[in-house]
Amino acid sequence: MPAKRIGFLVWPSTRPLTLALLDEALRVAGRLSKESMLHCSWWAVEGGDTPLSFPGIEFAAIPANIDDFDRIIVLADEPMAQVASAAANALRQAARASIPLTAVSAGVYVLAQLGLLDGVRTAVHWRWQDDFAERFPKVIATTHLFEWEKQRVTACGGLATLDVALALLGREYGGELAGSVSEELVVERIRDGGERQRIPLRNRLGSSHPKLTQAVMLMEANIEEPLTTDEIAQHVCVSRRQLERIFKQYLNRVPSQYYLELRLNRARKLLLQTSKSIIQIGLSCGFSSGPHFSSAYRNFFGVTPRDDRNQRRASGAVEGVAAVAPER
């Protein structure tokens, strides 16, 4: 088969794990194949405090002409406020030339900012779902491991980086090579892109107790209008006292306390990742008023919602989301 030329646009936030997963999958594929099939070029996007460095990879400047590449892969592990002009020009040029584009982890922010994912199903890491949906309403964000639509491939990051690398090898060179690479890397199975990112609830809870799982699922599905403990117990067909014993045994807290923490953590995620008002967030997480929300938030996190948002925005540490002006 003809050799493929792949160009990697690498942002300064890209973590060693992301690079290692891709580099190792491609290195093993090259060794297992009978001829050199992949020619990789790694381009560093300016903007970091220190130059990009990774063993075995040489980073170069973005070339002026990328028309002869077969695929461009965008790598970033934290959302960025804006796309550097050289990278933006290269990606727009690639799109005009109908070169397939792949984005991994926060690389989806890059393509979305350039309008290159409008109307496209896009795998977005669960941690950024709210922020991404608010900033890019024209993009169809999903919680799948990766999406393959039209000439766009997107992956949520983490170990899904390896899944999408194996999928790319399988699509270009057949399932036999992808399977051989997977076996070489001792990967139990090649996960399908349509699989969900979050681990099963029973694994997150550290328990397989069916009544506990059912109760927590009910809580997660009823954040805006919380159920009472009696209502939850009735839905899962146990008494209130039995439900409280189950929560105490497996989670070391009563149902109402766990439910409150669940709602407050949801509120904090919205507070730090969206521009919704504090009152809107409080109401959407089941608090009857602004003072009620603020008091519960301060008791749990040790800071008011407004101060928490302003501190995070001032430090630019809002879960990797670009800082904006503090809220007055």
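Out of ILE62, ILE73, ILE66, one residue alone is at pLDDT 95 or above and either assigned to a helix (DSSP H, G or I) or surrounded by 14 or more Cβ atoms within 10 Å (Cβ to Cβ) (or both). It is ILE73.
When the range 267-288 is filtered for residues that are over 21 Å from MET219 (Cβ atoms), outside any helix (DSSP H, G or I) and either touching a helix residue (DSSP H, G or I) at 6+ places or on another chain (Cβ under 8 Å) or among the aliphatic types (A, V, I, L, M) (or both), the ones remaining, listed by number, are THR274, SER275, LYS276.
Do you know which residues across the range 277-309 are touching a residue at least 24 places away in the same chain (Cβ under 8 Å), basic (Lys, Arg) and open to solvent by 10 Å² or more (accessible area, probe 1.4 Å)? Walk me through it before giving the result.
Of the range 277-309, the ones touching a residue at least 24 places away in the same chain (Cβ under 8 Å) are 278, 281, 283-287, 293, 296-297, 300-301, 305-306, 308-309.
Retained after the next criterion (residues that are basic (Lys, Arg)): 306, 309.
If the condition is that a residue be touching a residue at least 24 places away in the same chain (Cβ under 8 Å), basic (Lys, Arg) and open to solvent by 10 Å² or more (accessible area, probe 1.4 Å), then ARG306 is the only one that fits.
Output the residue which, of all residues in the range 15-38 that are over 20 Å from ALA167 (Cβ atoms) and modelled with pLDDT of 80 or more, is least open to solvent (accessible area, probe 1.4 Å). Filtering first and then ranking leaves PRO16.
If you go through the range 136-177, how many residues are of a type outside the set (Phe, Trp, Tyr), in contact (Cβ under 8 Å) with a residue 24 or more places away in the chain and either open to solvent by less than 20 Å² (accessible area, probe 1.4 Å) or not in a loop (DSSP other than H, G, I, E, B) (or both)? Explain how you work it out, then say what you get.
The initial filter retains those residues of the range 136-177 that are of a type outside the set (Phe, Trp, Tyr), namely 137-145, 147, 149-172, 174-177.
From the residues that got through so far, the ones that are in contact (Cβ under 8 Å) with a residue 24 or more places away in the chain too are 139, 143-145, 147, 149-169, 172, 177.
From what's left, either open to solvent by less than 20 Å² (accessible area, probe 1.4 Å) or not in a loop (DSSP other than H, G, I, E, B) (or both): 139, 144-145, 147, 149, 152-157, 160-169, 172, 177.
Within the range 136-177, residues that are of a type outside the set (Phe, Trp, Tyr), in contact (Cβ under 8 Å) with a residue 24 or more places away in the chain and either open to solvent by less than 20 Å² (accessible area, probe 1.4 Å) or not in a loop (DSSP other than H, G, I, E, B) (or both) number 23.
From the list ILE190, ILE223, ILE199, the one residue that fits, being in contact with a Ser or Thr (Cβ under 7 Å, 6 or more places away or on another chain), aliphatic (A, V, I, L, M) and either at pLDDT below 95 or not in a helix (DSSP H, G or I) (or both), is ILE190. Summed over the range 49-59, residues that are under 25 Å from ALA123 (Cβ atoms) and either open to solvent by 30 Å² or more (accessible area, probe 1.4 Å) or at pLDDT below 90 (or both) total 2. Note on the range 118-135: among residues that are assigned to a loop (DSSP other than H, G, I, E, B) and over 11 Å from SER105 (Cα atoms), the one that is least open to solvent (accessible area, probe 1.4 Å) is VAL120.
Which members of the range 239-258 meet the condition of being in a loop (DSSP other than H, G, I, E, B) and either closer than 30 Å to LEU283 by Cβ or touching a Phe, Trp or Tyr at 6+ places or on another chain (Cβ under 9 Å) (or both)? I'd like the intermediate steps shown before the answer.
If we filter the range 239-258 for residues that are in a loop (DSSP other than H, G, I, E, B), which is where we start, we get 239, 252-254.
Across the range 239-258, the qualifying residues are ASN252, ARG253, VAL254.
Filtered by the rule that a residue be in contact with a helix residue (DSSP H, G or I) (Cβ under 7 Å, 6 or more places away or on another chain) and not hydrophobic (A, V, I, L, M, F, W, C), the range 83-101 gives no residues.
The values are calculated or read from the model by the stated rules, or taken from the named source; none is laboratory data. All of these numbers come straight from a predicted model, not from anything done at the bench. For neighbour counting, all protein chains shown are included, and Cβ atoms are generated from backbone atoms with ideal geometry for every residue, glycine included. Areas reflect the complete protein model, heavy atoms only, side chains present, ligands, DNA and RNA absent. Shrake-Rupley method; radii C 1.70, N 1.55, O 1.52, S 1.80 Å.
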